[in-house]
Amino acid sequence: QVQLVESGGGLVQAGGSLRLSCAASRSIFVFNTMGWYHQGPGKQRESVATVSKGSSTNYADSVKGRFTISRDNAKNTVYLQMNSLKPEDTGVYYCNANDIMFDYWGQGTQVTVSS
């Protein structure tokens, strides 16, 4: 079991930046991947960015070049730096931890990008 707590969401104008944080209740080193998922209004939850235990990263095409995921194992925290935000980035962002057998989710943090 692990609790994931997201923070850093808010209201920002298009072109602005936000940094999301996901704090885990225990070591994240044990997880094969950590990731951020986005659920836009009326849409399904989709993967935005993932980082592996070995720090390999993957990004959705829609955020490549704008978002950066990173993990700090010493702080048990995963970050998502979001730059050049667009209105379509609006939605709830969820942190995910995967240890192959289970997926763990945070409660989400709202990001609203105004045009």
Near residue 43, which aspartates and glutamates are there with a Cα under 14 Å away, not counting those fewer than 8 places off in the same chain?
-> 88, 89
Let me have the relative contact order for the chain, percent, based on Cα pairs under 8 Å that are six or more residues apart.
-> 37 percent
Cβ-placed point charges (K, R +1; D, E -1), dipole of the chain about Cα centre in debye, nearest 20 = 180 debye
Calculated FRET efficiency for the pair residue 83/residue 114, C-beta based, R₀ 22 Å, to 0.05 = 0.85
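Where a number appears in this text, it was derived from the coordinates with a stated rule and is not lab data. All figures in this text were calculated on a predicted structure; none of them were measured in a lab. Ideal geometry is used to build each Cβ from the backbone, glycine not excepted, and the neighbour counts take in all protein chains shown.
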